[in-house]
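Here is the structure we will look at.
The values are calculated or read from the model by the stated rules, or taken from the named source; none is laboratory data. Note that the coordinates shown come from a computational prediction; the quantities given were computed from them, not determined experimentally. As a convention, Cβ positions derive from the backbone with ideal geometry for all residues, glycine included, and neighbour counts pool all protein chains shown. The area values use the complete protein model at the heavy-atom level, side chains included, leaving out ligands, DNA and RNA. Shrake-Rupley method; radii C 1.70, N 1.55, O 1.52, S 1.80 Å.
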Amino acid sequence: MLKSVVQEETTGCGIASVANILEKSYSEMKEAANAMGIYATDKSLWSDTQYVRKMLSASGVETSKNEIPFKSWQTLPDLALLSIKHHQEDGKDFWHWVVFKRADSKTVVLDSANYLSSNVRTDFDEMQPKWFIEVKNA
């Protein structure tokens, strides 16, 4: 049964998403992120892609070089970081990180938000991804 890591901080979706990909706990990933100078309290974690890329790269995981515009759920790679809940604050883009995963004939989104009744989502019509980062060798 698929499980999702739940973020332990309001702004910890990037850390939790990487934990979901690497199959680590939130606290393990937070400790590794903090050692790299990455903190959930830094708003850049959900307005800049370099932080999730750096955490994945440190574990030997390759990602696409650029953000790829979302076209459809069917055209996504088997594993990807998705940006949803786009909004602007003071003219700067922000989003919520989630993980798209296709495995064992199941397609799900692992959403770390702590207010959800289930963090393993299949309500694809409710999510509005803007773009994604392909995760290649996790």
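Worth a mention:
- Failed item, numbered, when Phe132 is tested on (1) over 17 Å from Gln7 (Cβ atoms); (2) part of a loop (DSSP other than H, G, I, E, B); (3) touching a residue at least 60 places away in the same chain (Cβ under 8 Å): (2)
- Within the range 1-25, being in a helix (DSSP H, G or I) and closer than 23 Å to Lys130 by Cβ holds for Cys13, Gly14, Ile15, Ala16, Ser17, Val18, Ala19, Asn20, Ile21.
- Selection count, the range 74-122, where residues are polar (S, T, N, Q) and on the phi > 0 side of the Ramachandran plot: 1
- Whichever residue in the range 107-122 is polar (S, T, N, Q) and closer than 23 Å to Glu9 by Cα and, among such residues, is most open to solvent (accessible area, probe 1.4 Å): Ser117
- Candidate set from the range 47-57 (those that are free of Cβ contacts under 8 Å to residues at least 12 places away in the same chain and more than 17 Å from Ala138 (Cα to Cα)); member that is surrounded by the most Cβ atoms within 10 Å (Cβ to Cβ): Asp48
- Hits in the range 26-46 - residues which are assigned to a loop (DSSP other than H, G, I, E, B) and open to solvent by 20 Å² or more (accessible area, probe 1.4 Å): Met36, Gly37, Tyr39, Thr41, Asp42
- Scanning the range 61-75 for residues that are out of contact with any Asp or Glu (no Cβ under 6 Å at 6 or more places or on another chain) and open to solvent by less than 50 Å² (accessible area, probe 1.4 Å) yields a count of 5.
- Qualifying positions in the range 16-25 - surrounded by 20 or more Cβ atoms within 10 Å (Cβ to Cβ) and either touching a strand residue (DSSP E or B) at 6+ places or on another chain (Cβ under 9 Å) or over 13 Å from Val99 (Cβ atoms) (or both): Ala16, Ser17, Val18, Asn20, Ile21
- Matching entry among Asp125, Asp93, Asp104, Asp78 (being open to solvent by 80 Å² or more (accessible area, probe 1.4 Å) and touching a residue at least 24 places away in the same chain (Cβ under 8 Å)): Asp78
- Qualifying positions in the range 101-138 - touching an Asp or Glu at 6+ places or on another chain (Cβ under 8 Å) and of a type in the set (Phe, Trp, Tyr): Trp131, Phe132
- Tabulated pairs, the range 26-41, first farther than 19 Å from Gly60 by Cα, second assigned to a helix (DSSP H, G or I) and open to solvent by less than 40 Å² (accessible area, probe 1.4 Å), C-beta under 7 angstrom, 6+ apart or interchain: Ala40/Ile15
- Hey, Ser27 hydroxyl-bearing (Ser, Thr, Tyr) and out of contact with any helix residue (DSSP H, G or I) (no Cβ under 7 Å at 6 or more places or on another chain) or not: yes
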